[in-house]
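For reference, the structure is listed below as structure tokens.
Every read-out reported here was derived from the displayed coordinates using simple, explicitly stated rules and does not represent laboratory data. Given the structure is predicted, the values throughout are model-derived calculations rather than measurements. When we count neighbours, we look across all protein chains shown, and the Cβ atoms used for this are built from the backbone with ideal geometry, even at glycine.
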Amino acid sequence: MYRWDFTPIWAHGDLLLAGLGNTLVLTAVALAGGLPVGLALALARLSGNRLMAAPAGLVIEVFRTTPPLVQLFWFYFGLPIILNVEMTPYLAAALTFTIQSGAFFAEIFRAGIVSVDKGQSESARAIGMSKAQAMRRIILPQAVKRMFPAMMERSIELMKTTTLVATVSYADLLYQANELAQKTFRPLEVFTAAALLYFVTITLVSALGALVERRMAQSGEMTR
Amino acid sequence: MDTPLLRLAGLDKRFGDRAVFSGVDLDVKRGDRIAIIGASGSGKSTLLRCINFLERPDAGRVILNGEPVGAERQRSGGTETRYDEGSLNRLRQRVGMVFQQFNLFPHMTALGNVMEGLVTVKRMARAPAGERAMAELARVGLADKAEAYPAHLSGGQKQRVAIARALAMEPEILLFDEPTSALDPALVGEVLDTIQALAAEGRTMILVTHEIGFAYHMATRVLFLAEGGIYEQGTPDEVLKAPRRPLTQAFIAGHRRFSF
Amino acid sequence: MTYRWDFTPLLDNWQALAMGAVGTVRLFAVCLVLGLGFGLIVALARRSRWRLARWVSIGFIEFFRNTPVLVQILWFYFALPMLVPVEITPFTAAIFGISLNSAAYSAEIYRAGIQSIEPGQWEAARAIGMSGLQTLRRIVLPQALRRVLPALTNRGIEIFKMTTLASVVAYIELLHQGKLIASLNFNPLEVYTVIGALFFLFLYPLVRATYALERRLARSD
């Protein structure tokens, strides 16, 4: 029978927590970058202008269809060769996950925008609003509420995907766990603890998201 | 013989706090054709669905051919009836049902729908099951639609396939739950004709309906449900032409525009 | 200055890449079958009559959906051997992690599909005397599976992408082989561009096919 011993983890708990902190920072950065990138990609794809729609479509499809780990390696090992710059794990990760989550968010934005009744943009234009004004004042506010559940789900996927950065030595929770496991020779306890930390964090975030969703549903006329 | 084909004894049904009906007793003899009428919410469909246990009655027994369905058990608070799945499945083979919304299986052809029970439940080989099913489709006048999927059938055709599906199991009793309520008025006739033909064969059936005129011509007995039970019953002439109690009178008066 | 792309080392190493591709497809096939198959069992357990089965199934789904799949793979690779006295190969660890993760996701897909079937379908089947199991197998599942086919195809595409994570535990698949080639020839840009392109060229037609399938099902429903 294996004898579980969690004492080394308590002793180095600060390492894991620091890793969790880095995971959250990276997720937040990618989210902060990915949402505007996603909106821009969605608007470009919906613009009706071929010169904008085609490249936006390509970025969206490529980043949604290729494995995230390949993307990360490309940005970390490949991109610096083109740009001839130093690449840090953090920068590579932030870039990869900003663009990648942007690609996913773009499709959520697009579905949300398309789902708003055509009459809404027509009546906005009819009172003299510009196309941009109609989008900003009339369409997007309605679309955002509908998109929220999908956005939330994607954000959680994003947080889980950030674990890949451990492979390029960014000190996230998984990376720290791996280090600690090697240091303490207690992989079972360490990886179990890391899994539980992820589980608790992600469950809390989804619960929070569900709460906000319910609040949004209650406030105002959500129906159509 | 004296044993009724079907007997309901003291049937109760509640949804939460609300009693739908209580203490319903009913004897159905072979060849009886019973029409159940009543205002919406009077529990007619629920009563029908208790007969084949799509709804569990909260108290009382359903007795088929003298054999009570389910087993009674002594418990601390009194007796409790327990129903095992096998006995309910056997009961349902003997009691056919036709639904308001047809509920045809959309992923099977008309023939597949009618064969399904024969093959899956009665364990018939596919070839003889197919022959039986074709015969039932022919009986409802849809032999030429055997290979059609439900999506390509009209409402009236769907309901006739559903009737064939029930008939294929050779049930001793047929239950109809508002079989024409979901149909365009123009399609009601073909379904009523089919049911009428079954009546002429002397089949035992119980029909929940809004078609007062049809109930009058088809039924041997009419039940009017109100106030949580059978409020008035009798021959069609008694209940539909000369109702004696006030709620029945009011209900029938509301349907005067239907010609008898 | 502009970088001069050079794909010759990759062409020279095509056999290593082919070996990786075989590893990718092998891992994908196993995880697809196990993940989607076990997911159906979990989904059925989730709506079981027995409370214990429901609880275990919900716990499984929640846990595997709310932890990263890479953590799961590493747990099976590094932690599980402490508990059980068997050797866990990279292949086994990857199968465990990816299949169980996919099972949790697909269980929710199956559940949504089963729930979307109208109660009248159950009632009609029960009314001709079919048992619960017969109804599920003959009436409900065939319709439910049809409805969730696009979602399952998407899951399959995700599984294919996930196989790259097995490179972290040194399972020989495309990305692992790419890393190797890149480290020997100092050409990561070409290597990861080509690997990304290979995945894209293989998966994108499937993505398009799934869209088409979605539209077709939406029209026929």
Footprinting exposure proxy for C:Tyr204, C:Tyr3, A:Tyr76 (fewest neighbouring C-beta atoms within 10 Å first): C:Tyr3, C:Tyr204, A:Tyr76
If each part is reduced to its alpha-carbon centroid, region A:54-75 and region B:1-21 end up apart, in Å, by 65
Can you give the local net charge around C:Leu36? Use residues other than it whose beta-carbon is closer than 13 angstrom to its beta-carbon, Lys and Arg +1, Asp and Glu -1. -1
With all pairs of different alpha carbon atoms counted, what Kirkwood hydrodynamic radius in Å does chain C show? 19.7
Where the centre of each part is set by its Cα atoms, how far does region A:156-194 sit from region B:141-201, in angstrom? 64
Cross-link reach list, lysines versus B:Lys29, counting only Cα pairs under 24 Å and skipping chain neighbours closer than eight places: B:Lys13, B:Lys44, B:Lys241
Relative compactness, region B:76-217, computed as alpha-carbon Rg over 2.2 N^0.38 Å: 1.11
Can you sort A:Trp74, A:Trp10 by how many other beta carbons sit within 10 Å, fewest first? A:Trp10, A:Trp74
Give me the net charge of B:Phe15's neighbourhood, meaning all other residues with Cβ under 10 Å from the Cβ of B:Phe15; Lys, Arg count +1, Asp, Glu -1. 0
Just from its helices, what would the mean residue ellipticity at 222 nm be for the protein assembly as shown, if runs of 4 or more DSSP H residues each count -39500 (n - 2.57) and the sum is divided by every residue, rounded to the nearest 500 deg cm²/dmol? -19500 deg cm²/dmol
Rounded to whole Å and ordered largest first, report the semi-axes of the equivalent ellipsoid of chain B derived from its Cα gyration tensor (root of 5λ). 30, 25, 16
Scalar couplings 3J(HN,Hα) for region C:33-42 by Karplus 6.51 cos²θ - 1.76 cosθ + 1.60 (θ = phi - 60°), nearest whole Hz, x for Gly and Pro, are 5, 5, x, 6, x, 5, x, 5, 4, 4
What range in chain A is the longest one free of GluC sites (Glu not before Pro) that are in a loop by DSSP and have at most 11 other Cβ atoms within 10 angstrom? A:87-220
Given R₀ = 60 Å, FRET efficiency for C:Phe63-B:Arg245 by Cβ-Cβ distance, to 0.05? 0.45
Report the Cα centroid-to-centroid distance between region C:169-206 and region B:44-117 in angstrom, as an integer. 60
Within a 10 angstrom radius of the beta carbon, how do B:Phe105, A:Phe109 rank from fewest other beta carbons to most? B:Phe105, A:Phe109
Shape box of region B:181-253 [Cα atoms, principal axes, largest first, Å]: 34, 28, 22
So which trypsin sites (Lys or Arg not before Pro) in region C:1-57 pass both tests, a DSSP loop state and at most 12 other Cβ atoms within 10 Å of the Cβ? C:Arg4, C:Arg49
Please compute the average number of Cβ atoms from other chains found within 10 Å of each residue's Cβ in peptide C:176-182. 1
Two-decimal Rg/Rh across region A:72-119, once Rg and the Kirkwood Rh are taken from alpha-carbon atoms: 1.28
Calculate the mean, over all residues of peptide C:71-81, of how many other protein chain Cβ atoms lie within 10 angstrom of the residue's Cβ. 6
Peptides ranked, highest mean first, by Cβ atoms within 10 Å: ranges C:124-132, B:236-244, B:166-174: C:124-132, B:166-174, B:236-244
If you add up the charges near A:Leu43, with Lys and Arg at +1 and Asp and Glu at -1, over every other residue whose beta carbon is less than 13 angstrom from its beta carbon, what do you get? +3
Computed curve, chain A, Cα-only Debye sum without solvent term, log₁₀ I(q)/I(0) at 0.11 Å⁻¹, is -0.67
Projected label distance in nm at C:Leu206 and B:Ala59, using a 7 Å step from Cα toward the beta-carbon: 6.0
Zone of A:Glu153's modelled label, taken as backbone nitrogen in region A:19-43 under 20 Å from a point 7 Å along Cα→Cβ: A:31, A:34-35, A:38-39, A:42
Within 10 Å of each Cβ in C:132-143, how many Cβ atoms from other chains are there, averaged over the peptide? 3
Report, in order of residue number, the helices in chain A meeting two criteria: a C-alpha extent of 30 Å or more along the helix axis, and a mean Kyte-Doolittle hydropathy of at least -0.5; treat each whole DSSP H run as one helix. A:13-46, A:89-115, A:187-218
FRET efficiency (C:Val33, B:Ala186; Cβ distance; R0 45 Å; to 0.05) is 0.30
Looking at region C:60-113, which GluC sites (Glu not before Pro) are DSSP coil and have at most 12 other C-beta atoms within 10 Å of their C-beta? C:Glu87
For the protein assembly as shown, alpha-carbon Rg over 2.2 N^0.38 Å: 1.23
Connecting every pair of Cα atoms under 10 Å apart in chain B and solving the GNM, the largest mean-square fluctuation among B:Thr79, B:Thr194, B:Thr109 falls on B:Thr79
